[in-house]
Amino acid sequence: MSLEVFTAPWAQAWADELKSSDAYRQAAAKWEGSLVIEMAADGDGSGPAVFLDLWHGDCRGARLSGAEERETADFLISGGGEAWRRVLAGQLEPIFGLMSGKLKLRRGSLAKLTPFVTAAQELVRAAGRIDSHFPGEGRSAP
């Protein structure tokens with residue numbers, strides 16, 4: 001069954017996918033902290049967001065993000081639906097999206113993210129393996 005991106009069930013499916021990914025576990029072995037990704041209609045940070053608690057190759061939790069997580073997360077990455085669609089389809093690398101302005105780093109430092117490019121790629125690959133759709137798109141058949 002297809003899950004809508006940036007929803008609680010999708011966040012949980014992403015956490016499950018990360019927990020079962022040896023590639024993510026290895027790539028993120030030294031990465032610790034929290035990440036919020038948000039899908040903003042116009043990039044202003046007003047859309048749905050997902051919080052990930054990442055710790056040395058493990059995802060200790062994933063859920064919809066509230067205002068508190070947006071203000072306290074180590075990293076907050078925002079982008080419009082089309083940017084996230086390209087990221088999840090593997091057509092746009094997250095770090096390149098940040099450097100090109102298609103995604104915005106609203107909290108945290110690009111210098112602190114750069115050593116974890118491979119972990120970020122595996123994070124996105126895990127999300128891309130989830131049978132999902134964007135709001136307003138038709139759902140795929142079960």
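The values are calculated or read from the model by the stated rules, or taken from the named source; none is laboratory data. Note that the coordinates shown come from a computational prediction; the quantities given were computed from them, not determined experimentally. When we count neighbours, we look across all protein chains shown, and the Cβ atoms used for this are built from the backbone with ideal geometry, even at glycine.
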- Only one of 106, 139 that is at pLDDT below 95 and touching a Leu at 6+ places or on another chain (Cβ under 7 Å): 106
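Could you say which residue among 103, 92, 88 is closer than 16 Å to residue 5 by Cβ and in contact with a Lys or Arg (Cβ under 6 Å, 6 or more places away or on another chain)?
Working: 103 fails: in contact with a Lys or Arg (Cβ under 6 Å, 6 or more places away or on another chain); 88 fails: in contact with a Lys or Arg (Cβ under 6 Å, 6 or more places away or on another chain).
After applying the criteria, what remains is 92.
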- Message: Looking at the range 86-94, can you tell me whether even one residue there is in contact (Cβ under 8 Å) with a residue 60 or more places away in the chain and of a type outside the set (S, T, N, Q)?
- Response: yes
- Could you tell me which of the residues 44, 53, 16 is at pLDDT 95 or above, of a type in the set (D, E, K, R) and within 16 Å of residue 107 (Cα to Cα)? 53
- Given the residues 2, 34, which is the only one that is among the hydroxyl-bearing types (Ser, Thr, Tyr), surrounded by 14 or more Cβ atoms within 10 Å (Cβ to Cβ) and more than 15 Å from the chain's Cα centre (by Cα)? 2
- Taking into account only those residues within the range 22-31 that are part of a loop (DSSP other than H, G, I, E, B) and within 15 Å of the chain's Cα centre (by Cα), which is modelled with the highest pLDDT? 28
- Specify which of the listed residues (18, 76) is crowded, with 17+ Cβ neighbours inside 10 Å, in contact with a Lys or Arg (Cβ under 6 Å, 6 or more places away or on another chain), in contact (Cβ under 8 Å) with a residue 40 or more places away in the chain and under 28 Å from residue 137 (Cα atoms). 76
- Query: Filter the range 5-15 for residues that are out of contact with any Cys (no Cβ under 8 Å at 6 or more places or on another chain) and surrounded by 19 or more Cβ atoms within 10 Å (Cβ to Cβ); which is nearest to residue 132 (Cα to Cα)?
  - Reply: 5
